[in-house]
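Taking it in order: structure first as structure tokens, then the write-up.
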Amino acid sequence: MVAFLTPFFLPFVLFYLVPVGYALWQSFRVVRRSGGQYGTSYTTFGGFEQYVEVFQNDEFWASIGRIGLFGIVQVPVMLFTGLVMALLLDTHLLKLKGFFRTAAFMPYAVPGVIAAIMWSYLYSPQLSPVVDLLNGIGLKPDFLGPGAVLWSAANVSTWLWTGYNMLIMFSALQSIPQELYEAARIDGASNWAIAWRIKVPIIAPSIVMTTVFSIIGTLQLYSEPAVLRQISSNISSTFTPNMLAYTVAVGNNYQQAAAISVVIAVITFVLSFGFMRLTSKRAGL
């Protein structure tokens, strides 16, 4: 039994538990200096000092606010779009299902950084044909402006992940017995009623799972704003919690970066677990 489990547990310990444990250990340490300005520095145990600094950091709370607003808007839009696409693919009314399924899933095959670069060309006032077209009809959009840049990043994430979530929901729909639909049609149910009163409740666990994945992904947001930052001055180096942690680490304050990472992980766990508990209670599980 141990021999069979070793190929799993060895990488799990080396590449998951050890890094997590090391980050947690670093988050309780601080750098001190002895001997005045030109003295030597040393690292020692500091208790919760790093965490106190995190919670007193205005940039940290600003980044949490941005990512919270991002998730409240982007996640429901993405999941609802994915659900509608999955329901359309599951109906007999849609032709060329294989083509549309592949086309919807293809953006997920594009790495996040590459996708952000592609969209940055469409957002750039100097390069984008979309901006030129909208300017020509008098709309004059500013996709990289202070009020729009967060939603520009959200659009990239939605484009990337909608197809992935759609495929999970579509796979769940494929497991539903066709006899349920036939019985509903005999009772006079329309396609709309079958979709929202039979299909959606049955695949609710898949919707919950994709929501949890989306919550985790939202708090891990990094690539899209980091790439857009190269062409927009409205994205700072602390725009998201992950960007803040990276910026602090680049400044050689690894202990503070570790504390930020631990706080992000705890927030992610609380939100994900809390959502699952809430949905389980409503479902009577």
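The values are calculated or read from the model by the stated rules, or taken from the named source; none is laboratory data. Note that this is a predicted model, so its numbers are computed, not measured. Virtual Cβ from ideal backbone geometry, glycine too; neighbours counted across all protein chains shown. To get the accessible areas, we keep the full protein, side chains included, count just its heavy atoms, and leave off ligands, DNA and RNA. Shrake-Rupley method; radii C 1.70, N 1.55, O 1.52, S 1.80 Å.
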Of all residues in region 132-156, count the ones that are among the aliphatic types (A, V, I, L, M) and either assigned to a loop (DSSP other than H, G, I, E, B) or in contact with a Phe, Trp or Tyr (Cβ under 7 Å, 6 or more places away or on another chain) (or both). 7
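Can you say whether Ala184 is in contact (Cβ under 8 Å) with a residue 40 or more places away in the chain and either within 19 Å of Ile67 (Cβ to Cβ) or surrounded by 13 or more Cβ atoms within 10 Å (Cβ to Cβ) (or both), as far as the supplied structure shows?
no
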Out of (1) surrounded by 12 or more Cβ atoms within 10 Å (Cβ to Cβ); (2) modelled with pLDDT under 95; (3) not basic (Lys, Arg), the one Met78 does not meet is (2)
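Only residues that are outside any loop (DSSP other than H, G, I, E, B), polar (S, T, N, Q) and under 17 Å from Ser157 (Cβ atoms): list them for region 216-263, please.
Listed by number, the residues that qualify are Thr218, Ser223, Asn242.
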Here the qualifying pairs (Cβ atoms under 9 Å; residues six or more apart or on different chains; first in region 119-138 and farther than 21 Å from Pro107 by Cα; second open to solvent by 80 Å² or more (accessible area, probe 1.4 Å) and part of a helix (DSSP H, G or I)) come out as Pro125/Asp132; Leu127/Tyr121
Could you grab the pairs with beta carbons closer than 7 Å, sequence gap of 6+ or different chains, first residue in region 17-37 and closer than 11 Å to Tyr254 by Cβ, second one of a type in the set (Gly, Ala, Ser) and modelled with pLDDT of 90 or more? Ala23/Ala258; Ala23/Ser261; Gln26/Ala258; Ser27/Ala258; Ser27/Ala259
Looking at region 158-176, can you tell me whether even one residue there is open to solvent by less than 30 Å² (accessible area, probe 1.4 Å) and of a type in the set (Phe, Trp, Tyr)? yes
Out of contact with any His (no Cβ under 6 Å at 6 or more places or on another chain) and either open to solvent by 70 Å² or more (accessible area, probe 1.4 Å) or within 21 Å of Val212 (Cα to Cα) (or both): does that describe Ile117? no
Give the number of residues within region 34-58 that are open to solvent by 60 Å² or more (accessible area, probe 1.4 Å) and either touching a helix residue (DSSP H, G or I) at 6+ places or on another chain (Cβ under 6 Å) or farther than 25 Å from Thr238 by Cβ (or both). 6
